[in-house]
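First the structure, in the form of structure tokens, and then the observations on it.
Bear in mind that the values in this text are calculations on the coordinates, not laboratory data. Note that the structure is predicted; figures quoted are calculated from it, not measured. We place every Cβ from the backbone using ideal geometry, glycine too, and count neighbours over all the protein chains shown.
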Amino acid sequence: MDASGTHGREGDAAAAKARTTVDPEEIARFSAIAAEWWDPRGKFRPLHKFNPVRLGYIRDAVCARFGRDPRAARPLEGLRIVDVGCGGGLLSEPLARMGATVVGIDAAERNVKTAAAHAAETGVDVDYRATTAEDLAASGETFDVVLALEVVEHVADVELFLEALAVLVRPGGMLFLATLNRTPKSFVFAIVGAEYVLRWLPRGTHDWRKFIRPSELAAGVRRTGLDVGDITGVTYNPVSDRFALAPRDLDVNYMMWAARG
Amino acid sequence: MNAKEHDIRVEVAVVGGGLAGLTLACALGTAGVEVAVIDRDPPESQMVEGFDGRTTAIAFGSARVLDGAGVWADVADEAGPILDIRVTDQNDPLFLHYDHRDVGDDPFGWIVENRVLRRALMRRLPQLPTVRHIAPVAVTGLHRDAGGVTVALADGRTVSARLVVGADGRKSLVREHAGIRTVGWSYGQHGIITCIEHAEPHGGVAVELFLPAGPFAMLPMAGNRTSIVWTERAELAAWYLKLPEHRFTAELRARVGDWLGDFKPVGVRAAYPLSLMHAERYTDQRLALISEASHAMHPIAGQGLNVGIRDVAALAEVVVDALRVGLDPGAADALDRYQRWRRVDTMTLLATTDALTRLFSNDIAPLAMARRLGMAAIDRLPPLKPVKKFFMRHAMGMVGELPRMVRGEAL
């Protein structure tokens, strides 16, 4: 796959409706590197490194709320999950393997095609759609679990986006968010460190000014009528080269979940 | 054979049905992972009644792994606990003494007959619904790509998996297939193994006696039996092996001394060359090596199978952690974690056993003096001093970032 991604921009822009949260420049940036999604040593290395810890967090919280055994072979059997901003399917596929019925949505057609091609190769059943959270919410579909991980820092209108996510959550259901805090430390680690020093991400992947403080995000979530259940930090240990949950260190990466009723 | 059986689909294919491969299959099977273990030897081999002389030192941490794999309960009654370790230099009184009570109530480890271990593993396999033991059959081909692994068997069947594990020993074909090179050297020594039945109880004492030809170990088995690992220069080992029983006993007597009373050799006598081997990598695309497929060391510290069992515990944890969150157990990042986890521990032991062998297998006066003073110095440390405790915890296999199974937790 070529890495230019420029031809995708017009199509995506046309697909986006009048009032939208999708920032066309962001889509172009991610489409350009879509082919690299599934290489754990490639450009999406940090997401692959993130994946075990965030999947574990989701699995454990969902199992606790829905009374499932997290050690079962398919602990999420029967639950409907939507993965908003699914990218290459790094979350959607594992969640489907855990037994969930997964809809993966992404505004970038190219990401959805990449994800669907990979799922076909590995024989995992995921319903990938090129759409936005707002359009899906408008259709009336609802889910037991709604995920938007590493997405809010890329959307144009956070409040509108959170409203759309909340509409997708069924009574009793959960919403998971993960993003980057707006602190001096996150500037050093997520921008200078990840994009310039380690070169884990292409320069310009993130705009620090769009990062959101946990208090701001939690307030936004509460305004939609959901109750925040937990907020945790996720920290990187360079010695073990792994990410781990750090409930008290929200300075850079953090995750939260909220629930309806 | 029906069509469904022609291609066996599992998550993990283990090539090699030795102690390490079977332990991995039991550990993964206990956690509910779909596994096929492919064994060249018939299931009944090495299980004939009657002791064949081969024993293994199972460190405390390794016993926990076997327990987590559902195997230890079937071994425990026939395992001799090691309560005391004495290291001595040609009967020099300045010996190093480790008492298990200095680190708690648990023994350092146990001496177990290989036959007993294998029997327990073979009894465990049929209790695990997700484990297939395919034996006896040879592997005729291995194909790996980004999506998975296919193992071709001599009977025409294939095993498809997301990860293939080479548990096929020192001359691993899986390692060769992946083009993973090894480094190593021979010590010019052979290990003579045998066993004695003696009149006096050994009291759970393991003795490592350093002789000019190399270490001579007495390892307490269940009952009044002691396993002998006698290191000898290669050219002499064959000669000792062929001695008539009374002369062989006399040679043993000269080394064992009087502390066990009258004794007679039981089981076979065998000798095998001692060498060090280390694979340049433990992993490749959708492939991992465990135990002697990736490393072999001098038996001086009784760590051989224990390092292999720690490989099993680490790899089982990496695989289970990936599967339980829906990730690919054969993906490069999972395998990187395994290799990174095991490399430091393995290289430390390889270097330590190599240095010990070189330090002790000689008669050079300054070295002999240095090791005597060194051992005496370590021994004079009060039992709870960190250094001595560290050595003892190492003997127990309880050092480093421990896999859950080694900590005694469920996978």
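Descriptive notes on the structure:
- Inter-chain shielding of A:47-59 (mean C-beta neighbours from other protein chains, 10 Å cut-off): 3
- A:Tyr128 long-range amide H proximity, modeled H, under 5 Å: A:Gly104
- Percentage relative contact order, segment B:216-347, counting C-alpha pairs under 8 Å, at least six apart: 16
- Projected area, mean over directions - chain A, Cα convex hull, nm²: 13.1
- A:Arg222 versus A:Asp241: modelled label distance in nm, points set 7 Å from Cα along the beta carbon direction: 4.2
- Relative compactness, segment A:205-261, computed as alpha-carbon Rg over 2.2 N^0.38 Å: 1.30
- Less than 5 angstrom separates the built amide H of B:Asp89 from those of B:Phe210, all sequence-distant by 5 or more or on a different chain.
- Residues whose placed amide H lies under 5 Å from that of B:His133, excluding near-sequence neighbours: B:Val37
- When both segment A:165-211 and segment B:160-213 are represented by their alpha-carbon centers, they are found 50 Å apart.
- Selection from A:Ala138, A:Val167, A:Tyr196 lying farthest towards where the dipole of chain A points positive, charges on Cβ: A:Tyr196
- Rounded to the nearest 500, the helix-only mean residue ellipticity at 222 nm of chain A stands at -10500 deg cm²/dmol, with each DSSP H run of n ≥ 4 adding -39,500 (n - 2.57).
- Ascending count of other beta-carbon atoms within 10 Å, so fewest first, for A:Cys86, A:Cys63: A:Cys63, A:Cys86
- Entries in A:Lys43/A:Lys185; B:Lys171/B:Lys264; A:Lys113/A:Lys185; A:Lys49/B:Lys171 that, when Cα-Cα distance is taken, lie over 30 Å: B:Lys171/B:Lys264; A:Lys113/A:Lys185; A:Lys49/B:Lys171
- Longest to shortest principal axis, alpha-carbon extents of segment B:224-347, angstrom: 62, 32, 22
- 3J(HN,Hα) along segment A:240-255, derived from phi through the Karplus expression 6.51 cos²θ - 1.76 cosθ + 1.60 where θ = phi - 60°, amounts to 7, 6, 9, 8, 8, 5, 9, x, 9, 10, 9, 5, 10, 8, 8, 10 Hz, with x in place of Gly and Pro.
- Paramagnetic label zone (point 7 Å from Cα along Cα-to-C-beta, B:His143; backbone N under 18 Å) in segment A:110-140: A:121-123
- For segment B:315-323, backbone phi angles converted through the Karplus equation (6.51, -1.76, 1.60; θ = phi - 60°) give residue-by-residue couplings of 5, 4, 5, 4, 5, 5, 4, 5, 5 Hz, Gly and Pro being listed as x.
- Karplus-derived 3J(HN,Hα), 6.51/-1.76/1.60, for each residue of segment A:185-202, Hz, glycine and proline x: 5, 5, 5, 5, 7, 7, 9, 5, x, 6, 9, 9, 8, 7, 6, 5, 10, x
- Translational diffusion of segment B:258-327 was estimated from the Stokes-Einstein equation, with Rh taken as the Kirkwood radius over Cα pairs; at 37 °C and 0.692 mPa s the coefficient is 214 µm²/s.
- Put in order of Cβ neighbour count within 10 Å, fewest first, the listed residues B:Val164, B:Val75, A:Val152 become B:Val75, A:Val152, B:Val164.
- Here, segment B:176-276 is characterised by an Rg to Rh ratio of 1.06, where Rg is the alpha-carbon radius of gyration and Rh the Kirkwood radius.
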